[in-house]
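Quick notes on the structure that follows.
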Amino acid sequence: MSSAPQGMGGLFRNRFVQAILLSGLFLQIGIWVRNFAVLLFVMDQTNGDPFAVSMISVAEFAPIFIFSFIGGTFADRWKPKRTMVWCDVLSAVSVFAVLLTLVFATWKAVFFATLVSAILSQFSQPSGMRLFKIHVPAELIQAGMSIYQTMFALFMVLGPILGTFVYQHYGIQVAIGIMGVAFLLSAAVLLFLPPDREINEDKPATKLTEEMAAGFRYVLSKQVLSTLGGCFLSAGLALGLIQPLGVFLVTERLGLPKENIQWLMTANGVAMIIGGALAMGLSKKFAPQTMLIIGMVVSAFGMIVTGLSTSLWLTLTAQFISGLVLPAIQIGINTMILSNTEESYVGRVNGILNPLFMGGMVVTMSLAGWLKDMFHIVAMYEAAAVLFFIGVIVMLPLYRSGVKSQAGSAGKA
(Lines give C-alpha, C1' and ligand atoms only; values in the text may rest on other atoms or scores of the structure.)
Protein backbone atom coordinates (compact mmCIF):
# COMPACT_ATOMS: atom_id res chain seq x y z
CA MET A 1 0.00 0.00 0.00
CA SER A 2 1.44 3.40 -1.01
CA SER A 3 2.07 5.89 1.75
CA ALA A 4 -0.45 8.71 1.80
CA PRO A 5 0.85 12.22 1.25
CA GLN A 6 1.09 14.02 4.59
CA GLY A 7 -0.04 17.50 5.65
CA MET A 8 -2.19 20.13 3.98
CA GLY A 9 0.04 20.13 0.90
CA GLY A 10 -0.66 16.43 0.42
CA LEU A 11 -4.35 17.08 0.89
CA PHE A 12 -4.45 19.72 -1.86
CA ARG A 13 -2.48 17.40 -4.16
CA ASN A 14 -5.11 14.69 -3.66
CA ARG A 15 -6.93 14.30 -6.99
CA PHE A 16 -10.24 13.63 -5.29
CA VAL A 17 -10.00 16.70 -3.04
CA GLN A 18 -9.21 18.93 -6.03
CA ALA A 19 -12.20 17.61 -8.00
CA ILE A 20 -14.68 17.63 -5.12
CA LEU A 21 -13.77 21.20 -4.11
CA LEU A 22 -14.15 22.52 -7.66
CA SER A 23 -17.40 20.60 -8.08
CA GLY A 24 -18.61 22.00 -4.75
CA LEU A 25 -17.73 25.53 -5.89
CA PHE A 26 -19.94 25.20 -9.00
CA LEU A 27 -22.75 23.59 -6.98
CA GLN A 28 -22.67 26.39 -4.38
CA ILE A 29 -22.94 28.99 -7.16
CA GLY A 30 -25.93 27.14 -8.64
CA ILE A 31 -27.65 26.58 -5.29
CA TRP A 32 -27.29 30.15 -3.99
CA VAL A 33 -28.35 31.73 -7.29
CA ARG A 34 -31.35 29.36 -7.18
CA ASN A 35 -32.25 30.12 -3.56
CA PHE A 36 -32.24 33.90 -3.81
CA ALA A 37 -33.35 34.36 -7.42
CA VAL A 38 -36.36 32.08 -6.85
CA LEU A 39 -37.18 33.78 -3.52
CA LEU A 40 -37.09 37.30 -5.02
CA PHE A 41 -38.94 36.19 -8.16
CA VAL A 42 -41.76 34.56 -6.17
CA MET A 43 -42.03 37.65 -3.94
CA ASP A 44 -42.30 39.85 -7.05
CA GLN A 45 -44.90 37.58 -8.67
CA THR A 46 -47.09 37.26 -5.55
CA ASN A 47 -46.51 40.67 -3.91
CA GLY A 48 -44.80 38.92 -0.98
CA ASP A 49 -47.52 36.33 -0.31
CA PRO A 50 -46.36 34.46 2.87
CA PHE A 51 -47.80 31.12 1.71
CA ALA A 52 -46.00 31.23 -1.65
CA VAL A 53 -42.74 32.23 0.04
CA SER A 54 -43.10 29.42 2.62
CA MET A 55 -43.61 26.90 -0.21
CA ILE A 56 -40.03 27.62 -1.34
CA SER A 57 -38.78 26.36 2.04
CA VAL A 58 -41.07 23.32 1.74
CA ALA A 59 -39.55 22.55 -1.69
CA GLU A 60 -36.04 22.85 -0.18
CA PHE A 61 -36.53 20.92 3.08
CA ALA A 62 -39.31 18.36 2.46
CA PRO A 63 -37.03 16.15 0.29
CA ILE A 64 -34.66 15.79 3.27
CA PHE A 65 -37.42 13.95 5.18
CA ILE A 66 -38.85 12.00 2.28
CA PHE A 67 -35.70 11.06 0.38
CA SER A 68 -32.72 11.32 2.75
CA PHE A 69 -32.77 7.71 3.97
CA ILE A 70 -33.90 6.33 0.60
CA GLY A 71 -31.17 8.35 -1.16
CA GLY A 72 -28.58 7.20 1.38
CA THR A 73 -29.54 3.55 0.87
CA PHE A 74 -29.28 3.83 -2.92
CA ALA A 75 -25.98 5.72 -2.53
CA ASP A 76 -24.63 2.64 -0.73
CA ARG A 77 -25.90 0.36 -3.54
CA TRP A 78 -24.77 2.43 -6.52
CA LYS A 79 -21.32 3.52 -7.70
CA PRO A 80 -20.71 6.89 -5.99
CA LYS A 81 -18.95 8.76 -8.81
CA ARG A 82 -21.55 7.71 -11.38
CA THR A 83 -24.36 8.64 -8.96
CA MET A 84 -22.98 12.15 -8.38
CA VAL A 85 -22.41 12.82 -12.10
CA TRP A 86 -25.93 11.67 -13.03
CA CYS A 87 -27.51 13.70 -10.22
CA ASP A 88 -25.81 16.87 -11.48
CA VAL A 89 -26.76 16.14 -15.10
CA LEU A 90 -30.40 15.44 -14.19
CA SER A 91 -30.49 18.61 -12.06
CA ALA A 92 -29.28 20.59 -15.08
CA VAL A 93 -31.86 18.93 -17.38
CA SER A 94 -34.68 19.73 -14.94
CA VAL A 95 -33.48 23.34 -14.67
CA PHE A 96 -33.46 23.83 -18.46
CA ALA A 97 -36.92 22.21 -18.66
CA VAL A 98 -38.13 24.77 -16.09
CA LEU A 99 -36.55 27.55 -18.16
CA LEU A 100 -38.60 26.46 -21.20
CA THR A 101 -41.75 26.21 -19.06
CA LEU A 102 -41.07 29.69 -17.70
CA VAL A 103 -40.83 31.13 -21.20
CA PHE A 104 -43.90 29.37 -22.65
CA ALA A 105 -46.18 28.56 -19.71
CA THR A 106 -46.31 29.49 -16.00
CA TRP A 107 -43.97 31.18 -13.49
CA LYS A 108 -44.94 28.58 -10.87
CA ALA A 109 -42.52 26.12 -12.54
CA VAL A 110 -39.70 27.68 -10.50
CA PHE A 111 -40.84 25.60 -7.50
CA PHE A 112 -40.13 22.48 -9.59
CA ALA A 113 -36.49 23.54 -10.15
CA THR A 114 -35.94 23.84 -6.40
CA LEU A 115 -37.76 20.58 -5.63
CA VAL A 116 -35.94 18.40 -8.19
CA SER A 117 -32.44 19.61 -7.33
CA ALA A 118 -33.21 19.21 -3.61
CA ILE A 119 -34.38 15.61 -4.18
CA LEU A 120 -31.33 14.72 -6.28
CA SER A 121 -28.99 16.18 -3.65
CA GLN A 122 -30.28 13.49 -1.22
CA PHE A 123 -28.68 10.89 -3.54
CA SER A 124 -25.58 12.92 -4.43
CA GLN A 125 -24.51 14.15 -0.96
CA PRO A 126 -24.11 10.70 0.68
CA SER A 127 -22.25 9.50 -2.44
CA GLY A 128 -19.81 12.38 -1.91
CA MET A 129 -19.30 11.28 1.70
CA ARG A 130 -18.57 7.74 0.49
CA LEU A 131 -15.98 9.07 -1.96
CA PHE A 132 -14.36 11.02 0.89
CA LYS A 133 -14.12 7.74 2.81
CA ILE A 134 -12.62 5.91 -0.19
CA HIS A 135 -10.14 8.46 -1.55
CA VAL A 136 -8.96 10.59 1.41
CA PRO A 137 -6.49 8.96 3.86
CA ALA A 138 -7.96 8.56 7.37
CA GLU A 139 -5.48 10.99 8.93
CA LEU A 140 -6.48 13.74 6.44
CA ILE A 141 -10.28 13.36 6.63
CA GLN A 142 -10.71 16.00 9.33
CA ALA A 143 -8.53 18.52 7.47
CA GLY A 144 -10.42 17.74 4.23
CA MET A 145 -13.74 18.36 5.96
CA SER A 146 -12.34 21.66 7.30
CA ILE A 147 -11.60 22.92 3.78
CA TYR A 148 -15.01 21.78 2.53
CA GLN A 149 -16.86 23.50 5.41
CA THR A 150 -14.85 26.71 4.91
CA MET A 151 -16.11 26.87 1.33
CA PHE A 152 -19.72 26.47 2.57
CA ALA A 153 -19.12 29.22 5.13
CA LEU A 154 -17.75 31.53 2.43
CA PHE A 155 -20.93 31.11 0.40
CA MET A 156 -23.09 31.82 3.48
CA VAL A 157 -21.79 35.38 3.08
CA LEU A 158 -21.25 35.64 -0.68
CA GLY A 159 -24.19 33.46 -1.82
CA PRO A 160 -27.04 35.88 -0.95
CA ILE A 161 -25.10 38.75 -2.57
CA LEU A 162 -24.48 36.69 -5.73
CA GLY A 163 -28.07 35.43 -6.03
CA THR A 164 -29.56 38.89 -5.46
CA PHE A 165 -27.15 40.53 -7.93
CA VAL A 166 -27.90 38.03 -10.71
CA TYR A 167 -31.68 38.33 -10.30
CA GLN A 168 -31.80 42.12 -9.98
CA HIS A 169 -29.50 42.74 -12.98
CA TYR A 170 -30.41 39.90 -15.34
CA GLY A 171 -33.77 38.45 -14.28
CA ILE A 172 -35.04 34.99 -13.49
CA GLN A 173 -34.35 33.41 -16.89
CA VAL A 174 -30.63 34.22 -16.79
CA ALA A 175 -30.52 33.10 -13.14
CA ILE A 176 -32.03 29.72 -14.03
CA GLY A 177 -29.65 29.41 -16.99
CA ILE A 178 -26.69 30.01 -14.64
CA MET A 179 -28.05 27.28 -12.34
CA GLY A 180 -28.18 24.76 -15.19
CA VAL A 181 -24.67 25.61 -16.41
CA ALA A 182 -23.30 25.38 -12.84
CA PHE A 183 -24.74 21.85 -12.43
CA LEU A 184 -23.28 20.77 -15.79
CA LEU A 185 -19.84 22.17 -14.88
CA SER A 186 -19.98 20.27 -11.58
CA ALA A 187 -20.77 17.04 -13.46
CA ALA A 188 -17.88 17.70 -15.90
CA VAL A 189 -15.41 18.20 -13.03
CA LEU A 190 -16.55 14.98 -11.34
CA LEU A 191 -15.65 13.04 -14.50
CA PHE A 192 -11.99 13.61 -13.56
CA LEU A 193 -12.41 11.62 -10.33
CA PRO A 194 -10.73 8.21 -10.14
CA PRO A 195 -13.03 5.53 -11.61
CA ASP A 196 -15.49 3.74 -9.34
CA ARG A 197 -14.40 0.38 -7.98
CA GLU A 198 -16.14 -2.58 -9.54
CA ILE A 199 -18.93 -4.00 -7.38
CA ASN A 200 -18.34 -7.56 -6.20
CA GLU A 201 -20.73 -9.66 -8.30
CA ASP A 202 -20.31 -12.68 -5.95
CA LYS A 203 -21.95 -10.75 -3.13
CA PRO A 204 -25.51 -12.08 -2.60
CA ALA A 205 -28.23 -9.71 -3.81
CA THR A 206 -30.29 -8.06 -1.07
CA LYS A 207 -33.62 -6.27 -1.15
CA LEU A 208 -33.81 -2.52 -0.62
CA THR A 209 -35.91 -3.00 2.55
CA GLU A 210 -33.30 -5.43 3.94
CA GLU A 211 -30.54 -2.87 3.37
CA MET A 212 -32.63 -0.15 5.03
CA ALA A 213 -33.21 -2.36 8.09
CA ALA A 214 -29.48 -3.20 8.17
CA GLY A 215 -28.73 0.55 8.21
CA PHE A 216 -30.87 1.09 11.33
CA ARG A 217 -29.31 -1.95 13.04
CA TYR A 218 -25.84 -0.64 12.19
CA VAL A 219 -26.48 2.80 13.74
CA LEU A 220 -28.04 1.27 16.89
CA SER A 221 -25.16 -1.20 17.26
CA LYS A 222 -22.47 1.53 17.29
CA GLN A 223 -22.37 3.76 20.36
CA VAL A 224 -20.66 6.59 18.47
CA LEU A 225 -23.40 6.80 15.84
CA SER A 226 -26.39 6.36 18.17
CA THR A 227 -24.92 9.00 20.50
CA LEU A 228 -24.43 11.35 17.54
CA GLY A 229 -28.11 10.76 16.70
CA GLY A 230 -29.10 12.08 20.13
CA CYS A 231 -26.78 15.07 19.67
CA PHE A 232 -28.28 15.75 16.20
CA LEU A 233 -31.82 15.72 17.57
CA SER A 234 -30.99 18.03 20.47
CA ALA A 235 -29.17 20.52 18.20
CA GLY A 236 -32.02 20.46 15.66
CA LEU A 237 -34.62 21.19 18.34
CA ALA A 238 -32.49 24.07 19.65
CA LEU A 239 -31.81 25.73 16.29
CA GLY A 240 -35.42 25.36 15.12
CA LEU A 241 -36.60 27.14 18.28
CA ILE A 242 -34.67 30.34 17.47
CA GLN A 243 -34.41 30.15 13.65
CA PRO A 244 -37.60 32.18 12.96
CA LEU A 245 -37.01 34.67 15.79
CA GLY A 246 -34.05 36.67 14.46
CA VAL A 247 -36.24 39.49 13.13
CA PHE A 248 -38.07 39.76 16.49
CA LEU A 249 -34.72 39.87 18.27
CA VAL A 250 -33.88 42.96 16.21
CA THR A 251 -37.24 44.71 16.60
CA GLU A 252 -38.18 43.76 20.19
CA ARG A 253 -34.87 43.32 22.07
CA LEU A 254 -32.75 45.86 20.16
CA GLY A 255 -35.57 48.26 19.18
CA LEU A 256 -34.25 48.60 15.62
CA PRO A 257 -35.91 48.38 12.17
CA LYS A 258 -36.23 44.81 10.88
CA GLU A 259 -33.72 45.50 8.06
CA ASN A 260 -30.93 45.45 10.66
CA ILE A 261 -31.14 41.65 10.75
CA GLN A 262 -28.69 41.72 7.82
CA TRP A 263 -25.93 42.83 10.23
CA LEU A 264 -26.54 39.82 12.47
CA MET A 265 -26.40 37.48 9.45
CA THR A 266 -23.24 39.19 8.14
CA ALA A 267 -21.48 38.92 11.53
CA ASN A 268 -22.40 35.24 11.71
CA GLY A 269 -21.32 34.53 8.13
CA VAL A 270 -17.96 36.36 8.36
CA ALA A 271 -17.24 34.51 11.61
CA MET A 272 -17.98 31.19 9.88
CA ILE A 273 -15.33 31.93 7.25
CA ILE A 274 -12.75 32.78 9.94
CA GLY A 275 -13.88 29.80 12.03
CA GLY A 276 -13.47 27.47 9.07
CA ALA A 277 -9.89 28.66 8.55
CA LEU A 278 -9.13 28.29 12.29
CA ALA A 279 -10.71 24.82 12.39
CA MET A 280 -8.53 23.83 9.44
CA GLY A 281 -5.42 24.70 11.42
CA LEU A 282 -6.66 23.10 14.66
CA SER A 283 -8.04 19.91 13.11
CA LYS A 284 -4.67 18.14 13.55
CA LYS A 285 -4.46 19.09 17.24
CA PHE A 286 -8.00 18.31 18.45
CA ALA A 287 -10.01 15.11 18.20
CA PRO A 288 -13.34 15.57 16.36
CA GLN A 289 -15.41 14.91 19.51
CA THR A 290 -13.43 17.65 21.31
CA MET A 291 -14.12 20.12 18.48
CA LEU A 292 -17.81 19.20 18.56
CA ILE A 293 -18.21 19.65 22.33
CA ILE A 294 -16.26 22.94 22.43
CA GLY A 295 -18.36 24.23 19.53
CA MET A 296 -21.66 23.30 21.20
CA VAL A 297 -20.70 24.79 24.60
CA VAL A 298 -19.58 28.08 23.03
CA SER A 299 -22.73 28.17 20.84
CA ALA A 300 -24.91 27.65 23.92
CA PHE A 301 -23.28 30.62 25.69
CA GLY A 302 -23.68 32.64 22.49
CA MET A 303 -27.43 31.90 22.53
CA ILE A 304 -27.71 32.97 26.18
CA VAL A 305 -25.97 36.31 25.49
CA THR A 306 -27.95 36.87 22.26
CA GLY A 307 -31.25 36.40 24.11
CA LEU A 308 -30.33 38.62 27.07
CA SER A 309 -28.64 41.43 25.10
CA THR A 310 -30.36 44.76 24.40
CA SER A 311 -27.22 46.24 22.79
CA LEU A 312 -26.57 45.85 19.05
CA TRP A 313 -22.80 45.50 19.56
CA LEU A 314 -23.17 42.84 22.25
CA THR A 315 -25.63 40.92 20.07
CA LEU A 316 -23.28 41.19 17.07
CA THR A 317 -20.40 39.92 19.23
CA ALA A 318 -22.47 36.94 20.41
CA GLN A 319 -23.49 36.17 16.82
CA PHE A 320 -19.86 36.41 15.73
CA ILE A 321 -18.68 34.00 18.44
CA SER A 322 -21.49 31.54 17.59
CA GLY A 323 -20.54 31.66 13.90
CA LEU A 324 -16.87 31.21 14.77
CA VAL A 325 -17.46 27.75 16.28
CA LEU A 326 -20.13 26.49 13.84
CA PRO A 327 -17.53 25.02 11.43
CA ALA A 328 -15.97 23.12 14.37
CA ILE A 329 -19.38 21.54 15.08
CA GLN A 330 -19.92 20.56 11.42
CA ILE A 331 -16.35 19.28 10.97
CA GLY A 332 -16.50 17.30 14.23
CA ILE A 333 -19.78 15.63 13.25
CA ASN A 334 -18.75 14.74 9.67
CA THR A 335 -15.32 13.47 10.74
CA MET A 336 -16.85 11.26 13.45
CA ILE A 337 -19.36 9.81 10.99
CA LEU A 338 -16.70 9.03 8.38
CA SER A 339 -14.13 7.73 10.88
CA ASN A 340 -16.60 5.37 12.56
CA THR A 341 -18.66 4.12 9.63
CA GLU A 342 -17.74 1.39 7.14
CA GLU A 343 -17.75 2.62 3.56
CA SER A 344 -20.71 0.40 2.63
CA TYR A 345 -22.91 2.06 5.29
CA VAL A 346 -21.95 5.75 4.87
CA GLY A 347 -25.03 6.64 2.80
CA ARG A 348 -27.51 5.00 5.16
CA VAL A 349 -25.89 6.47 8.29
CA ASN A 350 -26.19 9.95 6.75
CA GLY A 351 -29.75 9.16 5.71
CA ILE A 352 -30.68 8.30 9.30
CA LEU A 353 -28.82 11.06 11.18
CA ASN A 354 -29.64 14.04 8.94
CA PRO A 355 -33.45 13.66 9.21
CA LEU A 356 -33.08 13.53 13.01
CA PHE A 357 -31.52 17.00 12.90
CA MET A 358 -33.93 18.38 10.31
CA GLY A 359 -36.92 16.72 11.99
CA GLY A 360 -36.11 18.31 15.34
CA MET A 361 -35.55 21.65 13.62
CA VAL A 362 -38.83 21.62 11.71
CA VAL A 363 -40.84 20.55 14.80
CA THR A 364 -39.60 23.47 16.90
CA MET A 365 -39.69 25.89 13.92
CA SER A 366 -43.39 25.12 13.49
CA LEU A 367 -43.97 25.73 17.22
CA ALA A 368 -41.72 28.79 17.58
CA GLY A 369 -44.36 31.40 16.70
CA TRP A 370 -46.90 29.89 19.10
CA LEU A 371 -44.32 29.52 21.90
CA LYS A 372 -43.15 33.12 21.43
CA ASP A 373 -46.72 34.33 22.09
CA MET A 374 -46.78 32.29 25.32
CA PHE A 375 -43.25 33.01 26.56
CA HIS A 376 -40.80 35.91 26.35
CA ILE A 377 -38.28 35.84 23.49
CA VAL A 378 -35.47 35.69 26.10
CA ALA A 379 -36.92 32.41 27.40
CA MET A 380 -36.84 30.98 23.86
CA TYR A 381 -33.12 31.68 23.46
CA GLU A 382 -32.32 30.33 26.93
CA ALA A 383 -34.35 27.17 26.19
CA ALA A 384 -32.34 26.71 22.98
CA ALA A 385 -29.12 27.04 25.00
CA VAL A 386 -30.37 24.39 27.46
CA LEU A 387 -31.07 22.02 24.54
CA PHE A 388 -27.50 22.56 23.31
CA PHE A 389 -26.15 21.77 26.79
CA ILE A 390 -28.24 18.56 26.74
CA GLY A 391 -26.52 17.68 23.45
CA VAL A 392 -23.15 18.23 25.16
CA ILE A 393 -24.16 15.93 28.05
CA VAL A 394 -25.19 13.27 25.52
CA MET A 395 -21.74 13.55 23.90
CA LEU A 396 -19.68 13.41 27.12
CA PRO A 397 -19.30 9.58 27.21
CA LEU A 398 -17.67 9.73 23.75
CA TYR A 399 -15.40 12.56 24.85
CA ARG A 400 -14.25 10.58 27.89
CA SER A 401 -13.68 7.36 25.98
CA GLY A 402 -11.85 9.17 23.17
CA VAL A 403 -13.81 7.15 20.60
CA LYS A 404 -11.53 4.14 20.76
CA SER A 405 -13.02 2.70 17.59
CA GLN A 406 -11.24 5.42 15.63
CA ALA A 407 -7.87 4.35 16.97
CA GLY A 408 -8.81 0.73 16.36
CA SER A 409 -9.68 1.34 12.74
CA ALA A 410 -6.42 3.27 12.22
CA GLY A 411 -4.50 0.30 13.61
CA LYS A 412 -6.10 -2.03 11.10
CA ALA A 413 -5.29 0.18 8.11
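Using a 1.4 angstrom probe on heavy atoms only, work out the carbon and sulfur share of the accessible area of the stretch 227-326 in %.
Working: 3140 of 4220 Å².
Carbon and sulfur: 75 percent of the exposed surface of the stretch 227-326.
Can you work out ³J(HN,Hα) from phi for every residue in the stretch 262-276, in order, using Karplus 6.51 cos²θ - 1.76 cosθ + 1.60 and θ = phi - 60°, giving whole Hz and x for Gly and Pro?
Rounded to whole hertz, the list is 4, 6, 5, 5, 5, 4, 5, x, 4, 4, 5, 5, 5, x, x.
Is there a quick way to get the dipole size of the stretch 239-350? I mean about its Cα centre, with the Cβ of Lys and Arg at +1 and of Asp and Glu at -1; what is the value in debye to the nearest 20? Write down the numbers at each step before the final one.
Numbers: 5 positive and 4 negative charges, 30 e Å.
Using only the charged Cβ atoms, the result is roughly 140 debye.
Please list, in order along the stretch 158-175, the HN-Hα scalar couplings obtained from phi with the Karplus expression 6.51 cos²θ - 1.76 cosθ + 1.60 (θ = phi - 60°), rounded to whole Hz, x for Gly and Pro.
Taking θ as phi minus 60°, the curve returns 7, x, x, 5, 5, x, 5, 4, 4, 5, 5, 8, 10, x, 5, 5, 5, 4 Hz for the stretch 158-175.
Need one number: nm distance between label points at residue 169 and residue 46, each 7 Å from Cα along Cα→Cβ, rounded to one decimal.
With each label placed 7 Å out from Cα toward Cβ, I get 2.8 nm.
Springs between alpha-carbon atoms under 10 Å, Gaussian network over the chain: tell me which of 36, 183, 192 tops the mean-square fluctuations.
Most flexible of the set in this elastic network: 192.
For the pair residue 77 and residue 223, what calculated FRET efficiency results from E = 1/(1 + (r/R0)^6), where r is the Cβ-Cβ distance and R0 = 22 Å, to the nearest 0.05? Before the final figure, lay out the partial values.
On the way: r = 26 Å, r/R0 = 1.20.
Using R0 = 22 Å, I get an efficiency of 0.25.
Over the chain, with the other protein chains present, what is the accessible area per residue in square angstrom, probe 1.4 angstrom? Provide the component values of the computation, followed by the final result.
Working: 19010 Å² over 413 residues.
I get 46 Å² per residue for this part.
Below 8 Å between Cα atoms, with a sequence gap of 6+, how large is the relative contact order for the stretch 297-371 in percent? Numbers along the way, then the final one.
Values: 25 pairs, mean separation 15.8, N = 75.
It comes to 21 percent, rounded to a whole number.
So which residue, out of 185, 367, 158, gets the largest mean-square fluctuation from a GNM of the chain using Cα contacts under 10 Å as springs?
Checking each option, the largest mean-square fluctuation is seen for 367.
May I ask you to evaluate 6.51 cos²θ - 1.76 cosθ + 1.60, the Karplus curve with θ = phi - 60°, for each residue of the stretch 308-315 and list the ³J(HN,Hα) values in order in whole Hz, giving x for glycine and proline?
Coupling constants for the stretch 308-315: 7, 5, 10, 10, 4, 5, 5, 5 Hz.
Give me the count of lysine pairs in the chain whose alpha carbons sit under 20 angstrom apart, restricted to pairs 8 or more positions apart or on different chains.
14
Stretch residue 379-residue 209 to full length: gain in nm at 0.36 nm per residue minus the Cα-Cα span? Walk me through the intermediate numbers first.
Numbers: separation 170, 0.36 × 170 = 61.20 nm, distance 4.33 nm.
Net length gain for the segment: 56.9 nm.
Give the long-range amide H neighbours of residue 286: residues separated by 5 or more places, or on another chain, with amide H under 5 Å away, using H modelled in the peptide plane at 1.01 Å from N.
When sequence neighbours closer than 5 places are left aside, there are no close amide H contacts.
Relative contact order for the chain: what percent, with Cα pairs under 8 Å and sequence separation of 6 or more? If you can, show how the numbers build up before the last one.
On the way: 610 pairs, mean separation 105.9, N = 413.
RCO, the chain: 26 percent.
Placing +1 at every Lys and Arg Cβ and -1 at every Asp and Glu Cβ, with all other atoms neutral, what dipole size does the chain have around its Cα centre, in debye to the nearest 20?
Working: 24 positive and 18 negative charges, 178 e Å.
Around 860 debye, computed over the chain.
Over the stretch 52-114, what relative contact order in percent results from Cα pairs under 8 Å that are six or more residues apart?
Working: 20 pairs, mean separation 26.9, N = 63.
Relative contact order for the stretch 52-114 comes out at 43 percent.
Mean-square fluctuation check for the chain, GNM, Cα pairs under 10 Å: which of 14, 35, 47 is largest?
Of the options given, 47 has the highest mean-square fluctuation.
What shape does the stretch 95-157 have by the C-alpha gyration tensor, where a ≥ b ≥ c are the square roots of the eigenvalues, rounded means a/c under 1.5, and otherwise prolate means a/b greater than b/c and oblate the rest?
prolate
Note down the net charge around residue 350, summing +1 for each Lys or Arg and -1 for each Asp or Glu among other residues with Cβ under 12 Å from its Cβ.
Working: positive: 130, 133, 348; negative: 76.
Overall, the nearby charge balance is +2.
The values are calculated or read from the model by the stated rules, or taken from the named source; none is laboratory data. Note that the structure is a prediction, hence the values are computed from the model and not measured. Cβ atoms come from the backbone with ideal geometry, glycine included; neighbour counts cover every protein chain shown. When the accessible area is computed, the model is the full protein with side chains, heavy atoms only, and any ligands, DNA or RNA have been set aside. Shrake-Rupley method; radii C 1.70, N 1.55, O 1.52, S 1.80 Å.
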